[in-house]
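The structure appears below as structure tokens.
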Amino acid sequence: MRIRRIRAVVRKEWLQILRDRRSLFLALGIPMIMIVMFGWALKMDVTYIKTVVYDQDRSVISRDFISKFSNIRYFDIVDYVYDYDDVVRLMDLGKIKAAIVIPEEFAEDIKAGRGSDVQLIADGTDPLTAQVLAGYVSAITSRYSQEYVLEGLSKAGLSITEPFLDVSIRVWFNPELESKNFIIPGFIAVIMMIIAGLLTSLTFAREWERGTMEQLVSTPIKVPELVFGKLIPYVELGIIDFLLITVVGTLVFRVPLKGNILLLFLLTLIFLVGAMSLGMLISIVAKKQVLASQMAILATFLPSFLLSGFVFPIPNMPVVLRAITYGVTARYFVTILKGIFLKGIGLSILWIQGLLLIVFSSVVLILAMRKFKKEL
């Protein structure tokens, strides 16, 4: 294998990339658009949910209870209604996502120590929001009930002691529980997998369609030299791509990058070699640009989006799907990105994922070379 021949192919491939504006836009423009669009649109934070209050009691105690919902960022009390039909109408129109219903004689029941039932009506078309809101209402109600009981004991002159057990909650790695902090790193992995596969899926297919493959084969260049020469420019382009979307993720969306940047780029380089080798293998098999791009989308987008753990937790998947995820390279890259971005961990913990990326990249690259030899 001669470096001079590889350099010649690299130079030729870079010239083709720079002349093809569509490829440049696909490589640099699409990832930027995707990270910005999904970074703003794909949010799982349940905050300021439009809520109405149907207070059938209209007492001082009921108003005091409702004020507990007004002082937190999860509820946005947009209106007070005086009829149940208004709740139904607003919910049907989609103007609210929740309604808090205070029953009649709420204050009397509280004063008498009988307790009372507060109803939350939530829009079940968004089950995640409905479930989270139910938890918030239960917590606020429980807290208010405890405060009211303690206040009554204090007025009666009884001694009040601290609770025997108290829970201190501390969330590591994402203290604010902001969804963007785990969505952005995961989505970077998905973007890089898709773009890497798409870019290299057109390399050999383009040569066959243009009739220039025979010219390449007739030269003294060897198969490994040709494959590496075509692979290197796209890996370099992928690194530039990764740098750009990482800058957007950290500066625009304020996602913390706590780990070693050099380790991050090293593991990204290994991942890109594997993902782009897969694209080249698809290109060699398909021989047509349209077919190759379609195969690349199926082979990269669906597995990386659905089976990498980015959207759906892998432990919650059926056994068969969990087994399939071991063959999805994006799974390991998602773990690496979240570990370096959010946890700040190093190679002492991520060495298994790094080793698996090396194995995947080596196997796919060898398969691409062997398949190309057979096609010749």
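Just to confirm a number: summing +1 for Lys and Arg and -1 for Asp and Glu over residues other than ASP79 whose beta-carbon lies under 11 angstrom from that of ASP79, what do you get?
Local charge sum for ASP79: 0.
Straightening the chain between ARG2 and VAL311 buys 106.8 nm, computed as 0.36 nm per residue apart minus the Cα-Cα spacing. Extension gain, SER145 to GLU209: 0.36 nm times the residue separation minus the Cα-Cα distance gives 15.6 nm.
Fewest Cβ neighbours within 10 Å first, please rank MET44, MET192, MET34, MET295 accordingly. Numbers along the way, then the final one.
Details: MET44 13, MET192 26, MET34 17, MET295 20.
So the ranking, lowest neighbour count to highest, is MET44, MET34, MET295, MET192.
Among PHE75, ALA98, VAL10, flag the residue with its Cα farthest along the positive direction of the charge dipole of the stretch 1-139, charges on Cβ as +1 for Lys/Arg and -1 for Asp/Glu. The listed residue farthest towards the positive side: VAL10. Label positions at PHE25 and VAL359, each projected 7 Å from the Cα along the C-beta direction, are separated by 4.1 nm. When the chain is treated as a Gaussian network with alpha carbon springs shorter than 10 Å, the biggest mean-square fluctuation among LEU342, LEU356, LEU262 belongs to LEU262.
Excluding LEU350 itself, what net charge comes from residues whose Cβ is under 15 Å from its Cβ, given Lys and Arg +1 and Asp and Glu -1?
Values: positive: LYS258, ARG331, LYS338, LYS343; negative: none.
For residues surrounding LEU350, the net value is +4.
The aspartates and glutamates within cross-link reach of LYS288, meaning a Cα-to-Cα straight distance under 16 Å and a gap of 8 or more places when in the same chain, are GLU207, GLU209, GLU214, GLU375. Considering only alpha-carbon pairs that sit under 8 angstrom and 6 or more positions apart, the relative contact order computed for the chain is 20 percent.
Tell me which label goes with the value of semi-axes √(5λ) of the Cα gyration tensor in Å computed from the coordinates here: [x] 32, 25, 20; [y] 117, 50, 17; [z] 58, 22, 16. Computed from the coordinates, semi-axes √(5λ) of the Cα gyration tensor in Å corresponds to [z]. Partner lysines whose Cα lies under 26 Å from the Cα of LYS50, excluding those fewer than 8 positions away in the same chain, are identified as LYS68, LYS95, LYS97, LYS180. Our estimate of slack between VAL171 and LEU93, defined as 0.36 nm per intervening residue step minus the Cα-Cα distance, is 24.4 nm.
What does the net charge come to around GLU105 if you take all other residues with beta carbon closer than 13 Å to its beta carbon, with K and R at +1 and D and E at -1? Don't skip to the end; give the middle numbers.
Numbers: positive: ARG58, LYS111, ARG114; negative: ASP55, ASP57, GLU104, GLU108, ASP109, ASP117.
After counting each charged neighbour, the total is -3.
For LYS258, the aspartates and glutamates whose Cα comes closer than 20 Å to its Cα, not counting residues fewer than 8 places off in the same chain, are GLU176, GLU178.
Which order do LYS97, LYS373, LYS343 fall in if you start with the one that has the fewest other Cβ atoms within 10 Å?
The fewest-first ordering by Cβ neighbours comes to LYS373, LYS343, LYS97.
Here, each number is a calculation from the coordinates, and none is a lab measurement. Quick caveat, the model's predicted, so the values are computed rather than measured. Virtual Cβ from ideal backbone geometry, glycine too; neighbours counted across all protein chains shown.
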